[in-house]
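The values are calculated or read from the model by the stated rules, or taken from the named source; none is laboratory data. A quick note: this is a predicted structure, and the numbers were derived from the prediction, not measured. Here the Cβ is made from the backbone with ideal geometry for all residues, glycine too, and neighbour counts use every protein chain on show.
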Amino acid sequence: MVGAVLVQNTSWNNVVKAIKNLRQADLLEPHSLAAVAAEELEELIRPAGYFRIKARRLHNLIAFLVDRYEGSLSAMFQTDPAALREALLTVNGIGPETADSILLYAGNLPRFVVDTYTHRVLSRHGWIAFDSDYHQLQQFFEDRLPADAALFNEFHALLVRLGKDYCRKQGPQCAECPLRELLPEGGANQDVE
């Protein structure tokens, strides 16, 4: 859950450094993290960037966990997933991608996570409209794949890798793209089913 907040607008490598700092300070337990002073938390998570904003968001999320579930992740993840997602979205600083990341990666609940890589890969291949929103992208996958957390986790990881290695924002490597073989001549606007 900490990583889901810290990865907002930064790379995972930076998040790893911040989490290492939190671990060394023995602050990866909900009650300890809730009690740490904002200034100390900011300094510990500085490697993740936007540390003041992220410290507030992290405190908001941890307060939610402590107040509603007495700090128990198992209690939180026993909540109906749709209701839990809606509740997470009420936490200041938690948007759809972060909420879904928490459900999938921390709770092992089948929610497909959509990110910039997902949008870029699908829109460039013509599988979704360029102006598709988060919900439409998520629905694209959840309508076509069995609701399986491990599958969603792996599928998302593969899309991230594809986006980083081939479907880059600048200088895409289309000729080497592993998905190129899936596309008929012309490539765009084809269904992937």
Practice prompt. Select from the range 160-178 the residues that are more than 19 Å from SER11 (Cα to Cα) and crowded, with 17+ Cβ neighbours inside 10 Å and list them in ascending order.
Written response: CYS177
Practice prompt. Just give me the residues in the range 97-122 being surrounded by fewer than 18 Cβ atoms within 10 Å (Cβ to Cβ) and either free of Cβ contacts under 8 Å to residues at least 12 places away in the same chain or not polar (S, T, N, Q) (or both), in sequence order.
Written response: ALA106, ASP115
Worksheet item: When residues of the range 112-145 are filtered for being of a type in the set (A, V, I, L, M, F, W, C), more than 15 Å from LEU179 (Cβ to Cβ) and not in a helix (DSSP H, G or I), how many remain?
Response: 6
Worksheet item: Here are LEU145, LEU151, LEU89, LEU84: which of them is among the aliphatic types (A, V, I, L, M), closer than 22 Å to VAL2 by Cβ and surrounded by fewer than 16 Cβ atoms within 10 Å (Cβ to Cβ)?
Response: LEU89
Worksheet item: Which residue pairs have Cβ atoms under 8 Å apart, sit 6 or more places apart or on different chains, and have a first residue in the range 39-58 that is closer than 20 Å to ALA99 by Cβ and a second that is modelled with pLDDT under 95 and surrounded by fewer than 18 Cβ atoms within 10 Å (Cβ to Cβ)?
Response: ALA48/THR10; TYR50/ASN9; TYR50/THR10
Worksheet item: Given the residues LEU65, LEU44, LEU109, LEU104, which is the only one that is in a helix (DSSP H, G or I) and closer than 30 Å to PHE140 by Cβ?
Response: LEU104
Worksheet item: Somewhere in the range 34-41, is a residue modelled with pLDDT under 95 and not in a helix (DSSP H, G or I)?
Response: no
Item to complete: Could you tell me whether any residue of the range 127-144 is in contact with a helix residue (DSSP H, G or I) (Cβ under 6 Å, 6 or more places away or on another chain), aromatic (Phe, Trp, Tyr) and more than 21 Å from SER11 (Cα to Cα)?
Response: yes
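Listed here are the residues, each with its yes/no results for (1) within 26 Å of ASP115 (Cα to Cα); (2) more than 20 Å from the chain's Cα centre (by Cα); (3) surrounded by 15 or more Cβ atoms within 10 Å (Cβ to Cβ).
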| position | (1), (2), (3) |
| --- | --- |
| ASN13 | yes, no, no |
| ARG23 | no, yes, no |
| SER32 | no, yes, no |
| ALA37 | no, yes, no |
| LYS54 | yes, no, yes |
| HIS59 | yes, no, yes |
